[in-house]
Structures are given as C-alpha cells and as structure tokens.
Amino acid sequence: MPDGTIPVGIALVVAGIATYAFFRVGLLGVGGEEEFKPIASLWFATFALAPGFFLPLEQELGRALSARRAVGEGTRPVVQKVVRLGAVLVAATALAIVLASPLITEVYFDGDWVMLVALVCTFAAYAPAHLARGVCSGSGRFREYALIMGSDGLVRIALCAVLAIVGVTAAGAYGLVIALSPLVAVGYVWRRGALTTDDGPPAEWNEVTPNLGWLLLGSVFAATLLNAGPITATLLSGDADAEKVLVTQFSYGVLLARIPLFLFQAVQAALLPGLSRLAARGELREFRSGLARLLVVVVVVGIVGTLGAFAIGPWAIEVVYQAELSGATLAALALASGTYMMALALAQAVIALKGHALVALGWAVGVGVFVVTTAVASSDLFRRIEIGLLASSVASLIVFALALRLRLADGAAPDRASVVQATAPLD
C-alpha cells in the first residue's frame, strides 16, 4: 500500500469512534438530552459549514504542493496564496453568520448566544486544521496528517471529560470545546516542523484554483446534505422540552446510521491511492476494474448497515445513549446514508474523470430534492426528514450515474491531479 494509507485509515476510524464518544460524554456532562440539544445542533451546523468550505482548499493545496514537489520547486508561495484565500472565506462566512445572528440564535440555538459565538469560533478553527492537513498531504507527511485528523476527537473528549469532572453543565462551555480541539494538533505539528515549507517561484491563482469554484460549490452542497437531517429537525421542531429530547435522540440515530460511511472511508483510504497510481500510469482498464471493486464494497457495506440498523440498532442506541428509536427509523436513516455513500463514490469517480461541474450539479439537485420532499412528503416531523434524506441521495446518485456514463462515453481519462481531488475523506 502507498505511504500514508495505514495511518490515515487508522485516523479515520479513531475520528469516527471519537464522534460517538463525544456525544456520550457531552450528554453526561450537561445532564440530559434537553440540555444537550444546542450542542448537537452546533455539531451538525459546524460540519455542514467547515468541511463544505475548507475541504476543497485542503484538496487543492495538497494537489498543488504535490505537483511542485514532483518538479523540485519550493511550495511556500502556494501555501501563502491558499492561506489568504482561506482567510477571506472565514471572514466572509463569519460576517454572514453575525449579520444573521438574531435569527440564527433565536430559531436554531433557542436564544443561546454563547452557542452562536461557539459556531463562529468553531468554523474559524477548522480553517487552519484543513489547511494544515493540505500541507501535510501535499508534502507527503501522512503521519502528521493522520495526527491532525485523529487527535481532534480525542482532545475534544478529554476536554469535555475535564468539564464534566469539575461539574460544568453549561452547554456553551462544551460548544467552545469543539472550537478548541482542532487547534491543539495543528499547534503540535507546527512546533514539530511538519508545516515547514521552502521558498519557490511565485504562485499564480490559476495554480491553486483551476477547479476550486466547482469543488467548493459541490462540497458545500454535499456537506449540507450529509447534515441536513438534524439541522432540519432542529429548525422545524417546537420549543417543548419533549420535542427537544426527540431531536437529540434523532441526532443519535443519524450518527448510528453513519457507521457504514465511516467504514467506507477507511476502505477508501486503502483503495483510492492505488487508483491514483493507476490513473497516473494511464492504465484505464485497471482503473475501471478497481473502481468497480470499490463500488461493490459500497453496496455490500450499505446493505449490511441497513439490515444491522433494523435488527440491532434499537438495542445499540439504547445501550450507548439510553435513547429509544425504532428499527424502522434507524433502517430508513441507514438506507439514506448508504445511498449517500454510493452517490459519494460515484461523485468521486466523476471528479477523477474531470467532471467537477457535473458533481456540483448533482449535489445541488440533491439539496433541492431534499427541500421539496421534506416540505410535502409527510406531516410527521421525522418521517418527512427520513423520506427527504433518501429521496435526495437517490436523486444525486442518479445524476452521478448519468454523469459517469457521459464522461466514460466521451473518452474522459483520469490523471493524478483529478484523482487526488477525489480522494479527500469527509469529516
């Protein structure tokens, strides 16, 4: 396996487990599901925003640094260019959040202004984390890349445990922990010199942004769709304590349904570097064969995940979170997650074939279908969201399948740059 495959795969598994542990530790710390609802809302809002905006920067930075390293050129001018772009994105998004702060605070955070501050801080904190990951991946420092990815969750759990031990129950304190956790590993790898770069020729914008617009658009829509369920439940639920508890429990169900997605990313970490190598050598028949094997893995993991959610999901969610959700609800969420996973795999294949605009279109269609379906599908809050999640993933899947067929029919061939852009893991 190529360098970095094992540490990145391990980091993905650690990050996935840490997510579930954080929800459990945070729940115990604040004292109940009603009190934990703002933290869950912050979590899903953060990971709809941060990866959506910063993952494309990480991808393009890693690609550009790798290209310079291949010809022996210094990479510092590229890093400086992307850092400036990241700062602009942070400032623009933070300004938009601040301008809409009265509405966001009242409707989404139940009037808790500390959680709004935590949202802005968390969003800003993930910018250096993603940029540091881009520097590490583009420089071939995969152990440091894995350290940044995996330690984020561990630091978050440790800080939450400290808050719980000393008796802090305010949700805002736990929200601010989410903002602090990604910066710890970034500071550590920076002190170790893992983010050091060399002087080189000046970088032009076209060196770091040839497909950034389409990547950014597609990434924002994809991250929105991935986190749309809990966000929509928060927005549409009432103020009653019982509904707040149900929204929190629904968030647990969404996390449980994502277990196949975490497994898929771990498999992806092992398989996609090999596809990148095949693409670079122009071995298109072998590339298609490898992609077909990856899709088979996706289907198997999705089916097993859906059946497992129906059979043992209610028991698992009761044991881990002391929550009650039916097997049908968990199976519906797992099926939507599995379909999203298949759509994601096809989207990455389309990007590898240089279909960045088609991928942005596919995720945009998915978000549109989610909004329409959720509005008209049912009067039951969670049923309409479950139907919307499944319908939107199916819609994106269809668009990507058609796009993949179109790109292959046109004779599109992958190259190393496009495959690198397709392989960055989700958060």
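Just so it is clear, none of the values below were taken in a lab; they were calculated from the coordinates. Given the structure is predicted, the values throughout are model-derived calculations rather than measurements. Cβ: placed from backbone, ideal geometry, glycine included. Neighbour counts: every protein chain shown.
Relative protection proxy for 199-207, 104-112, from highest mean packing down: 104-112, 199-207 (other beta-carbon atoms within 10 angstrom). As a calculated quantity, the FRET efficiency between Thr196 and Glu283 at R0 = 45 Å, using C-beta atoms, amounts to about 0.80. Taking packing as the residue-averaged number of other Cβ atoms within 10 angstrom, the listed peptides 319-329, 122-132 run from highest to lowest as 122-132, 319-329. Taken one residue at a time, the phi angles of the stretch 90-100 give Karplus couplings (6.51, -1.76, 1.60, θ = phi - 60°) of 4, 5, 5, 5, 4, 4, 4, 5, 5, 4, 9 Hz. Gly and Pro are set to x. With a/c under 1.5 counting as rounded, go ahead and sort the stretch 1-210 into rounded, prolate or oblate using the C-alpha gyration tensor (a ≥ b ≥ c being the square roots of the eigenvalues; past the cut-off, prolate if a/b is larger than b/c, else oblate). It comes out oblate by the Cα gyration axes. Packing-based ranking of 289-295, 254-260 yields 254-260, 289-295, ordered from highest to lowest mean Cβ neighbour count within 10 Å.
With an a/c value of 1.5 or above and a/b larger than b/c for the gyration tensor axes a ≥ b ≥ c computed over the alpha-carbon atoms, the stretch 327-408 is described as prolate. For Lys37, the aspartates and glutamates whose Cα falls under 17 Å of its own Cα, not counting residues fewer than eight places away in the same chain, are Glu106, Asp110, Asp112, Asp239, Asp241, Glu243, Glu324. Distance between the pseudo-spin-label points of Val371 and Ala87 (7 Å out from Cα toward the beta carbon): 3.4 nm. Close amide H partners of Ala323, meaning residues 5 or more places away or on another chain with modelled amide H under 5 Å apart, are Glu318. In terms of its alpha-carbon gyration tensor, the stretch 160-249 comes out oblate; a/c meets the 1.5 threshold, while b/c is at least as large as a/b. Spin-label model, Leu236/Leu95: points 7 Å from Cα along the beta carbon direction are separated by 3.4 nm. Counting only lysines at least 8 places from Lys81 when in the same chain, there are none with an alpha carbon closer than 16 Å to its own. Quick one: Cα centre-to-centre distance for the stretch 365-394 and the stretch 94-149, in angstrom? Going from one Cα centre to the other spans 27 Å. Placing R0 at 51 angstrom, the Cβ-Cβ distance between Ala409 and Arg69 gives a FRET efficiency of 0.90 after rounding to 0.05.
Using alpha carbons only, how many degrees (0 to 90, rounded to 10) separate the axis of helix 241-257 from the longest principal axis of the chain? Helix 241-257 sits roughly 30 degrees off the main axis of the chain. Note: relative contact order over the stretch 1-210, using C-alpha pairs below 8 Å and six or more positions apart, is 38 percent.
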